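Here the structure comes first, spelled out in structure tokens, and everything after it is commentary.
The values are calculated or read from the model by the stated rules, or taken from the named source; none is laboratory data. From a predicted model like this one, the values you see are computed outputs, not experimental measurements. Cβ sites come from the backbone with ideal geometry, for glycine too, and all protein chains shown count toward neighbours. Each accessible area value is taken on the protein alone, full model and side chains, heavy atoms only, with ligands, DNA and RNA left out. Shrake-Rupley method; radii C 1.70, N 1.55, O 1.52, S 1.80 Å.
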Amino acid sequence: MRRNVSVAAWFVLLAVCIVLPFSSEDSQVLTIAIQTFILTALASSWNIIGGFAGQISLGHAAFFGMGTIITRELWLSGAPLPLSLAAAIVATALFALIIGVPMLRFRGIYFSIGTLALAVAISLTIGNLFPGITSMPVEALRAYTFTDPYFLALGAAVTTVAVAMLLRRSVVGLGMMAVRDDEAAAGAVGVDVLAHKLAAFAISAALAALAGGAFAFFSVSYYPSYPFTAVWSFETILVTFVGGIGTIVGPIAGSAFFVIGRDTIAANFEGFQVIGFGVLFIVVVLLVPGGMVEGAQRIGAWVVKQGQGRKRDVEG
Amino acid sequence: MSKARFGALVAAVSLLVAGTVPVAAQDAEIPESIKVGAVVPLTGPFAGGGAQVERGYRYAIDAINEAGGVYVEEYGTSLPLELDLRDDESDPNRTTAILEDLNGEGVVAYLGGFGSPLHAAGTVIAEKNQIPYMGVATALQALHENGYRYYFSPFPKSPDIAVSVFEMLNALLPEGERPTRVGIFQESTDWGEELGAAWTEQAPNYGYEVVFHEKYTPGTTDFSDLIFKAQEAGVQALLSLPTPPDGFALFKQMGELGWKPEFSLVVRAADVPTWNDLGDVGDGVFLSAGWHPALGFEGIEPMNQRHIDEQGRPADPVVGGSYSLVQILADSIERAGTLDREAIRDAMAATDLDTVAGHITFREDGTSPIENPLMQRQDGAVQLIWPAEAATAEIRYPANE
């Protein structure tokens, strides 16, 4: 029964998302929704390497950026969008596999610093190689509507969440979580530690590239180095922690909370959005390490406890 | 929380969101004001320039509103201008997001900020939303070659800057005393590429030789390698276009390493008043900010006086250009006779107006045939050197003596 309700809730949420662009032409509403979907896809993809496999990568922006630049360059050169996206996903996954072999031999903080250094180096290189802004052609600009980017971003979010769901229930996913919980113990019972880390890294990178492709299709203009900047990695990690690392719902809830909260704070307390979320991150890590998901569970447990207490009082 | 309860919560929130989607409302009444959207860098690397832009917009709007506002024929009355000015933190990606928001607020036109990267981002959104956009403090010619209809910029562009510096030097300095050995410190940006190429192309036409030309990444904090190489190459005239923080770092290190060429043109970074904090090494530097109060155009005096009263110095270079944009917009709205964006855009394209930045008309590509004044910082004051007929001081050359 509970499972049925849960499945129904997912479908209702999806249905609302599908109906939204037909019921509202408000560009602000659609922009917020698209940003939420892209961040959801990115956070869910990071959750696979960070939450499932326990490898705290600080260089996720590199994969997101690769997704944007490959998709954008091919698409603006005339290649069909699906082909451009597919090329971006495959190339990024291959890149992750190649750099993952040496990188994943590092553990803990060394892996984190290594990924951050790599991402910064790539970001600077892209900034030097592509100094000019990338803009859609004039004809495309004038014909631009939010509908197509909306559904691509929604598709990226749904795909990423679905992959995370399937992975979590799979043998491979269980192997990743075993590696996360105790590498030595996992290895001792026959789990190929490096292979599982590598699989998580490549899948995570490929899905980040999908999110990047959605960003490239949505954004009318941006500097090519922008998606490679560290802020994307940090926002991704922030929303995953705030939502609930290692869970399916966490990255979705965290992304929605972050995008809506950021815009609300920026509109009312200009300049305070960065420090606001910085403080929130510290509070979450200290008080509710499981994020919004754990917070909701605690509140739910408290409500149930209160209800049972009242029931006992009445019966007594 | 159980899955069932979580599911119910998701469903409830989803329905709530769907039910509260705003529905556009039509209001046929006379608006209380004319909404104008501006996105300006008040924080971040371009904050120094953004503050000047903000002042220019504010002064002009106050002056127009105090004079009764802008007459709109459609409503048969004059309406005040209402400026919705927001800080993009010098981040082009914030620029685009804010301009999208302002579109939703129903602004009739956009006014841009400071620096080509921000304008490059802004003009694209203007074109997408089909809202007229004006900007100064941007010399990127390439933006006018995209076929955009909604972008207007009465500001000198890279080809003007490239030519005017050599014209000025040749006119003011006798042959044999000119700084003919040119060094270019080129920022790795689209505008850096454009202006670097323009300087390189024009130098030989005026008898100058580019003996050193190197790129650097924006945000660079160590310029010592470039400085040593330029010194070795015997650079006499340094041409650069750094952001204010990069420009400050560059000149501070030049001071520390004891190098000051005979002539320096620092486009953009030297525009900000805090440049004087550099002391001797920053003094004598030329800037190309598009305007100076001594140009003597109609309307400068009251604006300049207000600036002196508030800031204790004559109007900063970017204030005048920014002020003129609001004048052009008000004139365009009045001639359009409506608040329709397309009509305002068409009226703007047909501008033929005397402003504090001179007489403004627009070419087909949105640029304006406008002279490029060159200024020199002399003992902390910004002196107009070029055009010679309006100069407030003689050129101080060589600057390193």
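Kindly provide the set of residues from the stretch A:16-25 that are facing chain B (nearest Cβ under 8 Å) and assigned to a helix (DSSP H, G or I), ordered by number. Passing the criteria: A:Val16, A:Val19, A:Leu20, A:Ser23. In the stretch A:26-78, the qualifying residues are those that are touching a residue at least 40 places away in the same chain (Cβ under 8 Å) and not in a helix (DSSP H, G or I), and the one that is nearest to A:Ala214 (Cα to Cα) is A:Gly59.
Check the stretch B:128-143 and report whether any residue there is open to solvent by 10 Å² or more (accessible area, probe 1.4 Å), under 21 Å from the mean Cα position of the chain (by Cα) and more than 10 Å from every other protein chain (Cβ to nearest Cβ). Scanning the stretch B:128-143 turns up at least one residue that is open to solvent by 10 Å² or more (accessible area, probe 1.4 Å), under 21 Å from the mean Cα position of the chain (by Cα) and more than 10 Å from every other protein chain (Cβ to nearest Cβ). Taken across the stretch A:69-88, residues that are closer than 25 Å to A:Gly250 by Cα and either modelled with pLDDT of 95 or more or open to solvent by 10 Å² or more (accessible area, probe 1.4 Å) (or both) do not occur at all. Considering (1) within 24 Å of B:Gln376 (Cα to Cα); (2) open to solvent by 50 Å² or more (accessible area, probe 1.4 Å), the lone condition that B:Ile227 does not fulfil carries the number (2).
Residues in the stretch A:91-142 that are within 9 Å of chain B (Cβ to nearest Cβ), surrounded by 20 or more Cβ atoms within 10 Å (Cβ to Cβ) and either out of contact with any Ser or Thr (no Cβ under 8 Å at 6 or more places or on another chain) or not small (Gly, Ala, Ser) (or both): A:Pro131, A:Ile133, A:Met136, A:Leu141. A:Thr145 fulfils the conditions (1) within 14 Å of chain B (Cβ to nearest Cβ); (2) closer than 27 Å to A:Ile98 by Cα; (3) part of a loop (DSSP other than H, G, I, E, B) except for a single criterion, (2).
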